[in-house]
Structure formats: C-alpha cells, structure tokens
Amino acid sequence: MPNLTNIEFLSQVLSKLDSEKPAGDELQGRTRHMERGGDLIRRLMLEASSKEGNARVLVTGQIGVGKSSELWHLFRQRLEGERKTGFWVYCDLEKKEHPERCGATGVFLTILRDCWGATKGFKDRLRGTWEGFYNIRDEIIERLIDWLKGVRSKDGDQVIFRFGGMDFPVWLQDRDAALALILGKAAQHEAVSDRSERFGLVPDLLVQLMNKLFNRLAYIHRGVRPLLIIDHVDKIRDETSAREVLVEIIPQWRRINASIIMTAPYEYTLGDMRNSVEAYWRNPLMVYPLEFPELNDKHIPPFYLKIVESCGLLNNITFAGIRMLAHYSGGIPRTFVQLLIQACKEAHLAGHAKIEPSDAQAVVFDAGRAYQDYGAKELELLGHISSNKIGLSSASTLLRSPIGLLVMPPEKGEHPIRIHPLAESVLARYRLRLNQSGG
C-alpha cells in the first residue's frame with residue numbers, strides 16, 4: 001500500500017491539493033470541488049434570471065470559505081448552455097494585479113479586459129458580423145490612448161504609456177493584442193500604484209463603449225444581456241478603495257448593461273459600510289463556514305472525508321487526525337487544505353506511513369503560533385464576543401483576520417458568532433494571564 005514515507009506518493013498527493021486556487025473538477029489536477037450543500041448557486045441563478053439582465057448581487061464570507069470555488073463552479077456549469085443563457089464572463093481581479101488596494105478604476109479595467117478577452121471565441125463562428133466588434137475595439141483603443149496619455153510614434157504604429165513609473169511601448173499592428181495589453185497593464189497599474197499616480201475614474205465615454213460591447217453581445221444572444229462574475233474583489237483590504245468600489249461609484253454600476261455577481265470584502269459588508277452597501281446592493285449572499293466537528297465528536301462531516309479521499313489520502317490518515325484538522329480549520333475549506341498539506345509533510349519527515357494524531361497536533365500547534373501576535377485590544381474584543389457582550393458590528397475589524405471570528409449559518413433569524421478554534425487557545429491564554437495579574 002502506498003504510504004507517506006514514499007516521496008513519489010507524497011508528491012502525487014500534494015499535487016492534488018491546492019489551497020490558493022478555486023477548487024475545480026478532477027481533470028484540473030488540484031483540489032476537487034465538493035458540493036457543500038445549501039442553496040447559494042440556486043439563489044444566484046434566481047437573482048440573475050429574475051432581474052432581466054440587470055442583477056446586482058454581492059457574495060461575501062470569511063477569507064478562504066469557498067466563494068471563488070462556488071462562483072467558478074457556477075461559471076463552469078453554465079458554459080455548455082452559453083448560447084441559451086447569454087454571454088457569461090469570469091472577471092478575475094487577481095489574474096495579473098494585486099487587489100489589496102485596487103479601486104474602482106482597476107475593477108472597471110479588469111471587467112473590460114476580461115470581457116474583451118472572452119469574445120475571442122466568436123471570431124470563427126461570427127465572421128459575417130465580426131466587423132462591428134472591430135469598430136468597438138478601435139474606438140476603445142483610441143479612448144484609452146487619450147485617457148491614459150499615451151504618446152504616439154511619428155508613424156503611428158506604436159504608443160508609449162507610462163505605467164508604474166516606467167515607459168511601456170505598445171505596437172498597434174495587431175490591434176487585438178494591443179487592446180489586451182493596454183487593458184492588462186492599466187489594470188495592474190491602478191491596483192499597485194499610489195493614488196497620486198492613478199488615472200482617476202473611468203471616463204463616461206469608456207463606460208459607453210463598454211456598454212456598446214455588451215449590447216452587441218446581447219444582440220447575438222437573443223437579447224439576453226451578459227452576466228459578469230467578478231471575483232476577488234473581496235480581497236480589497238484598503239478601506240478607502242473598498243468604499244470607492246462598493247459605495248461611491250453606484251451611478252457607474254447602475255449604468256452597466258449587464259448583470260453583475262461580485263465578491264465583496266467581508267469586514268466592509270458587515271461593518272460600518274453595511275447600511276450604505278445594502279441600500280444599493282441589498283443583503284449580500286453569505287458563504288458560511290462548513291459544519292466542523294468538535295474534538296470529542298465521533299461524526300466527521302462528509303465534506304472533509306471527500307477532500308481527503310479525492311487526493312488519495314484516505315488510507316493514509318487516521319480518523320482522529322482528520323477530526324483534529326477539520327476542527328481547527330474552523331469550517332474554512334482553505335484552512336483545512338493548508339493543514340492537510342502540512343500534516344502530509346510532517347508525517348513524511350517523521351517517517352510515518354500515515355498522518356498520525358501527533359502529526360496533526362504538531363501542525364495545529366504551528367498554525368496557532370502564527371496568530372499569537374494579537375494585541376490586548378483585539379483579545380479583549382474576542383473575550384467580549386465570546387461572552388455575548390457585544391455584537392458583530394462593534395468587532396468587524398476582527399473579520400480581517402483569517403482566524404478571528406466566524407459568522408455561522410443563521411439560527412432563529414440571527415447569525416451566531418463563534419471564535420475560531422485556533423483563536424480560542426490564544427484567548428484562553430490571555431484570560432489566564434489576566435486572572436493571574438488580578439485584571
């Protein structure tokens with residue numbers, strides 16, 4: 001039987017576990033998508049179909065809880081029915097840029113970049129009407145050159161842009177490639193540059209050209225407007241950028257002739273911006289943590305067992321090990337996969353054929369040590385929450401931490417708040433020190 005002392009078997013298992021990419025199908029060679037239960041996808045489809053191409057839906061939840069996996073699964077499920085259901089585009093804010101400080105212009109440029117890129121598949125089957133797309137493409141290029149202050153060469157074959165403090169030449173002979181390059185570099189520039197170096201809000205004329213593209217796509221798909229799935233907007237951590245994207249550019253969002261399903265930063269949809277966000281976007285759809293076992297439970301929810309089985313590890317880990325890793329994941333799939341990866345390595349280094357409880361314990365201990373830098377203020381907040389003395393809005397800053405708070409599925413109309421298991425041990429040590437000091 002293969003075991004974890006064998007480096008080839010270990011490599012094979014690890015190649016099927018990826019905590020950073022959305023879970024996919026079996027052919028993608030990474031963590032498989034598992035049905036998690038609930039009705040998130042049905043709700044998304046209902047919103048998209050009932051708003052006649054004008055849906056505006058936010059999807060939020062804890063970092064690593066599986067938002068991208070669910071949206072990617074939804075997108076892949078519908079690809080085969082593209083002609084019947086309209087034109088769907090998966091816009092990825094993390095594709096080439098770092099979304100942490102990305103503002104509204106970066107998001108709009110990403111949408112335009114990925115929407116234009118998604119039209120490539122039309123060329124062969126729409127030869128007679130493709131000329132209209134060329135006209136839109138050329139108009140967009142001209143407007144981008146004006147707005148981004150591009151400098152043309154004397155012969156007009158090249159334009160030089162200033163991105164990130166460096167000159168960036170773009171050749172215009174292949175205008176499809178040129179548009180993709182300009183949009184990609186401009187989106188990247190907006191995401192990583194200081195505010196003083198950014199280009200400002202997208203001009204109205206560029207929004208009009210985006211709509212011109214969407215209208216043509218709707219015409220091809222029997223009048224059904226495109227649906228945009230905009231992912232990784234939830235990774236915007238800068239408050240000013242988040243406010244700009246979610247609240248300040250509402251008029252621009254209203255003008256887009258497409259349905260929008262977009263992830264949103266957890267702490268801002270549930271914190272101080274909540275009322276402003278819900279005034280336009282309505283209540284965001286929440287992706288909740290999975291059910292996770294307590295350490296003394298005999299039952300392990302099937303989701304964790306399926307992940308272990310899908311990577312070929314089911315015979316190489318004890319059930320006690322699975323239970324421990326599942327518990328300390330806090331029901332966050334990404335955390336469970338990360339812990340599982342580290343446990344495989346720990347077992348291999350210890351010369352164990354399978355992941356023993358001691359290997360799982362060592363990994364959990366290391367994970368807990370990484371979060372011992374909580375300050376007294378944060379630990380005091382955790383203590384108040386654990387004693388039900390304050391609500392979520394008062395402690396929304398803790399939602400930025402991957403292990404601070406867990407907003408669990410609703411019970412009796414309210415969202416229970418739980419301290420993440422990794423944070424519980426930190427909180428326990430803090431309370432012990434407080435008692436010893438007489439605080």
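The values are calculated or read from the model by the stated rules, or taken from the named source; none is laboratory data. Being a predicted model, the structure only gives us computed values, none of them experimental. For neighbour counting, all protein chains shown are included, and Cβ atoms are generated from backbone atoms with ideal geometry for every residue, glycine included.
Brief remarks follow.
- Subset of segment 261-279 that is more than 12 Å from residue 245 (Cβ to Cβ) and touching a residue at least 40 places away in the same chain (Cβ under 8 Å) - its residue that is farthest from the chain's Cα centre (by Cα): 272
- Taking (1) in a loop (DSSP other than H, G, I, E, B); (2) out of contact with any His (no Cβ under 7 Å at 6 or more places or on another chain) in turn, residue 328 satisfies each apart from (1).
Yes or no, residue by residue, for (1) outside the structural domain of residue 115 (by TED's automatic domain parsing); (2) assigned to a helix (DSSP H, G or I); (3) aliphatic (A, V, I, L, M); (4) at pLDDT 90 or above:
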{"site": "214", "(1), (2), (3), (4)": "no, yes, no, yes"}
{"site": "224", "(1), (2), (3), (4)": "no, no, yes, no"}
{"site": "230", "(1), (2), (3), (4)": "no, no, yes, yes"}
{"site": "234", "(1), (2), (3), (4)": "no, yes, no, yes"}
{"site": "244", "(1), (2), (3), (4)": "no, yes, no, yes"}
{"site": "247", "(1), (2), (3), (4)": "no, yes, yes, yes"}
{"site": "261", "(1), (2), (3), (4)": "no, no, yes, yes"}
{"site": "267", "(1), (2), (3), (4)": "no, yes, no, no"}
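- Identity of the residue in segment 414-439, more than 27 Å from the chain's Cα centre (by Cα) and not in a helix (DSSP H, G or I), that ends up modelled with the lowest pLDDT: 439
- Any hit, segment 351-358, residues being at pLDDT 80 or above, of a type in the set (Asp, Glu), more than 20 Å from residue 18 (Cα to Cα) and touching a strand residue (DSSP E or B) at 6+ places or on another chain (Cβ under 9 Å): yes
- Residue ID - modelled with the lowest pLDDT, chosen from residues in segment 295-321 that are in contact with a Leu (Cβ under 6 Å, 6 or more places away or on another chain) and assigned to a helix (DSSP H, G or I): 303
Residue-by-condition table, conditions (1) surrounded by fewer than 17 Cβ atoms within 10 Å (Cβ to Cβ); (2) in contact with a helix residue (DSSP H, G or I) (Cβ under 7 Å, 6 or more places away or on another chain); (3) among the hydroxyl-bearing types (Ser, Thr, Tyr); (4) over 30 Å from residue 228 (Cα atoms):
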| site | (1), (2), (3), (4) |
| --- | --- |
| 281 | no, no, no, no |
| 290 | no, yes, no, no |
| 295 | yes, yes, no, yes |
| 304 | no, yes, yes, yes |
| 311 | no, yes, no, yes |
| 321 | no, yes, no, yes |
| 342 | no, yes, no, yes |
| 367 | no, yes, no, yes |
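- Of the candidates 168, 161, 133, the single residue that is outside any helix (DSSP H, G or I) and in contact (Cβ under 8 Å) with a residue 24 or more places away in the chain is 161.
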